[in-house]
Amino acid sequence: MSGARRLAELIREAGSVVALTGAGISVPSGIPDFRTPGKGLWEKVDPMEVAHIDAFRRDPARFWHFYGARFQALEDKRPNRAHVVLAELERAGLLHALITQNIDRLHAQAGSRELVEVHGTIDHSSCPVCAARYGLEDVRRRQAGDVRGVPRCECGEPLKPDVVLFGEYLPAEALARAEALAAGADLLLCVGSSLEVYPVAQLPALTLASGGRIAIVTQGPTQYDRRASVKLDGDVVSELEAVSRALSGVLSGAPDSALSGALDSAGA
Ligand code: ZN
């Protein structure tokens with residue numbers, strides 16, 4: 001049995017499936033993993049320096065000069081088939097929730113609903129003083145209209161993107177929810193993550209400790225490979241499309257036509 005078919009079987013058998021995704025799922029959408037050297041925006045800057053909470057507090061103009069470019073680079077990106085397959089699994093009742101480290105909004109754009117964004121999202125920015133929240137388009141307008149290029153709250157304070165910057169704590173509520181989901185999952189499906197960065201590195205251990213299984217769809221080794229029921233090493237898009245096709249037989253009688261339609265296009 002191929003790895004993809006085995007994974008499809010595990011998904012079918014599990015009462016509760018939770019996906020956990022990292023930067024690798026967005027690479028096919030043209031968003032490089034910043035830990036990959038020599039790629040994109042991070043090539044010329046040290047993320048620890050420019051994307052640090054101290055940099056934001058000390059020099060919001062410099063921070064936003066960089067972060068505005070980052071927003072711009074992410075704004076026009078679109079979900080790829082791997083994002084879409086996960087959204088379709090959820091619609092078909094085969095995936096209960098999705099935890100992601102990514103801030104790029106692509107899971108939401110693909111249609112995932114039960115979404116826990118443990119590192120936040122570029123979708124909105126907030127005022128650190130009065131807590132007012134502004135959507136991305138509004139933030140971009142405010143940035144363009146400011147003489148120093150700093151998007152400001154109505155109260156005058158510089159806005160902060162609702163993403164976890166270096167030097168910041170993770171949002172406690174999202175973290176608690178991610179931990180509860182991982183602990184309660186029969187199957188934790190890890191996609192495009194090297195499972196090295198906290199808190200994502202700890203979540204598979206929670207699943208295993210509660211008697212659940214883990215499956216890994218990621219290129220390159222992870223610390224959990226030997227404890228995984230399935231490890232798929234190929235490209236995330238082709239691997240998830242193969243899983244999706246392997247599930248199509250079971251789902252052919254399913255009322256959700258969105259899934260079968262997408263499965264057709266996956267085979268094209
Ligand atoms: Zn304010």
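Numbers for the structure displayed
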quantity: Some residue of the stretch 213-228 being within 27 Å of residue 244 (Cα to Cα), surrounded by fewer than 18 Cβ atoms within 10 Å (Cβ to Cβ) and touching a residue at least 60 places away in the same chain (Cβ under 8 Å); calculated: yes
quantity: Residue 132 vs. criteria surrounded by fewer than 19 Cβ atoms within 10 Å (Cβ to Cβ), small (Gly, Ala, Ser), within 16 Å of the ligand (Cβ to nearest atom) and more than 18 Å from residue 173 (Cα to Cα); calculated: yes
quantity: Tally of residues being more than 16 Å from the ligand (Cβ to nearest atom) and in a loop (DSSP other than H, G, I, E, B) across the stretch 101-129; calculated: 11
quantity: Matching helices (runs of 4 or more DSSP H) fully within the stretch 53-100 where at least 2 residues are within 29 Å of residue 129 (Cβ to Cβ) and not assigned by TED's automatic domain parsing to the domain that holds residue 188; calculated: 53-58, 60-75
quantity: Residue list for the stretch 135-160, restricted to those being closer than 16 Å to residue 67 by Cα and within 10 Å of the ligand (Cβ to nearest atom); calculated: 152, 158, 159
quantity: Residue within the stretch 172-187 that is touching a His at 6+ places or on another chain (Cβ under 9 Å) and more than 18 Å from residue 14 (Cα to Cα) present; calculated: yes
quantity: Inter-residue pairs, beta-carbon under 7 Å, first within 15 Å of residue 183 (Cβ to Cβ) and in the stretch 10-31, second surrounded by fewer than 21 Cβ atoms within 10 Å (Cβ to Cβ) and among the small types (Gly, Ala, Ser), 6+ apart; calculated: 16/184
quantity: Meets criteria (more than 30 Å from residue 5 (Cβ to Cβ) and of a type in the set (Gly, Ala, Ser)) for residue 172; calculated: yes
quantity: Residue check, residue 150 of a type in the set (Val, Ile, Thr) and not assigned by TED's automatic domain parsing to the domain that holds residue 229; calculated: yes
quantity: Sole residue being of a type in the set (S, T, N, Q) and either in contact (Cβ under 8 Å) with a residue 40 or more places away in the chain or in contact with a Leu (Cβ under 6 Å, 6 or more places away or on another chain) (or both), chosen from 112, 126; calculated: 112
quantity: Meets criteria (assigned by TED's automatic domain parsing to the domain that holds residue 9, at pLDDT below 95, away from the ligand (no atom under 16 Å from the Cβ) and not hydroxyl-bearing (Ser, Thr, Tyr)) for residue 200; calculated: yes
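The values are calculated or read from the model by the stated rules, or taken from the named source; none is laboratory data. Bear in mind the structure is a predicted one, so any value in this text is a computation, not a measurement. When we count neighbours, we look across all protein chains shown, and the Cβ atoms used for this are built from the backbone with ideal geometry, even at glycine.
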